[in-house]
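Notes follow the structure.
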Amino acid sequence: MALLEVTDLRREYVLGDVTVHALRGVTLSIEQGSFVSIVGSSGSGKSTLMNILGLLDRPSSGRYVLNGEDVSTIDPDRRARLRNQKIGFVFQNFNLLPRTSAVEQVELPMLYDPRSPAAAARHERALKLLQAVGLGERAHHTPSQLSGGQQQRVAIARSLVNEPELLLADEPTGNLDSRTSVDVMELLQTLNREQGITIILITHEPDIAAYSQRVVTVKDGRVLSDTPVTDQRDAKAEAARLRAEPEDDEPAPPAPAKEAVAP
Ligand code: ADP
Ligand code: MG
């Protein structure tokens with residue numbers, strides 16, 4: 001079943017007397033439980049598309065059906081409610097609040113959800129999610145006390161707290177080194193495989209798109225190609241291999257003592 005369907009989606013930005021055509025008619029259907037990446041060079045319209053799919057923005061024209069409901073024209077309140085309850089977001093720059101502990105960051109989206117449990121239960125749920133992303137020990141650390149990879153894990157835990165059906169990740173590994181990127185992709189693949197969360201991953205890196213099942217390439221606001229990934233990368237296996245290898249920055253074994261050179 002399609003979780004979402006967009007038809008002839010267009011988005012123009014009007015800047016004075018210049019109109020930027022960011023999306024020029026995108027038609028796309030994304031199945032429930034799938035892991036799709038959207039790739040394309042900078043300026044091709046990826047973030048504009050994600051903002052519309054994530055109900056953060058509205059198209060200038062075209063239709064968007066989410067879970068069978070036409071959301072193209074719903075009012076802002078309903079849009080905000082659907083967004084909060086159905087969609088989780090992960091961004092390149094993590095979007096965490098400074099001077100706020102990991103556990104408080106994760107609790108935050110629950111405050112805006114009318115279905116939200118009482119404070120003690122919110123706290124417990126946030127701690128559980130942090131444990132699930134491997135940060136149980138760091139729950140009371142603030143972003144400045146965490147590495148980039150750890151900050152992105154906090155952001156992923158936060159994106160999951162209202163049990164979304166859809167996770168939208170815009171360049172989630174864009175600020176991470178390649179080793180940490182594998183860890184983050186392992187987490188996303190696990191969420192998709194084990195919890196059936198639909199994931200839309202935006203990236204300009206083909207290497208990262210290879211962890212998904214399907215690659216949609218956009219160019220100049222249009223879908224250029226839409227192809228299944230035949231040889232999907234497995235982040236779990238890669239991460240296990242990397243963990244078995246020594247760290248790059250591990251000190252090299254001591255050099256043999258230099259022999260005194262005769263003058
Ligand atoms: P990508 O994420 O693929 O880099 P974007 O969706 O951010 O691409 O941008 C697509 C096009 O729309 C670009 O030409 C960009 O300059 C323009 N654009 C994006 N957001 C805005 C905005 N808020 N106002 C004006 N132009 C915008
Ligand atoms: Mg972008």
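Quick note: the coordinates plus some simple rules give every number you see, no bench work behind them. Please read all numbers here as calculations on a predicted model, not as lab measurements.
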| Which residues' amide hydrogens lie under 5 Å from the amide hydrogen of THR217, considering only partners 5 or more residues apart or on another chain, with H built in the peptide plane? | VAL39, LEU224, SER225, ASP226, THR227
| task | Given the options PRO206, PRO246, PRO59, state which has the largest fluctuation in a GNM of the chain using a 10 Å cut-off (strictly under) for Cα springs. | result | PRO246
| said: Please list, in order along the stretch 152-163, the HN-Hα scalar couplings obtained from phi with the Karplus expression 6.51 cos²θ - 1.76 cosθ + 1.60 (θ = phi - 60°), rounded to whole Hz, x for Gly and Pro. | reply: 5, 5, 4, 5, 5, 4, 4, 5, 9, 5, 9, 6
| query | Can you work out ³J(HN,Hα) from phi for every residue in the stretch 105-115, in order, using Karplus 6.51 cos²θ - 1.76 cosθ + 1.60 and θ = phi - 60°, giving whole Hz and x for Gly and Pro? | reply | 4, 6, 6, 3, x, 5, 5, 9, 10, x, 7
| remark: Between the Cα axis of helix 178-195 and the main Cα principal axis of the chain, the angle (0 to 90°, nearest 10) is 50 degrees
| Separation between Cα centres of the stretch 92-158 and the stretch 181-245, rounded to whole Å | 24 Å
| Normalised by the residues of the chain, what does the relative contact order come to in percent, with Cα pairs under 8 Å and at least six apart? | 24 percent
| request: Give the angle, between 0 and 90 degrees and rounded to the nearest 10, that separates the Cα long axis of helix 119-132 from the longest principal axis of the Cα atoms of the chain. | output: 60 degrees
| query | For helix 76-86, what angle does its Cα long axis make with the longest principal axis of the chain, in degrees from 0 to 90 and rounded to 10? | reply | 40 degrees
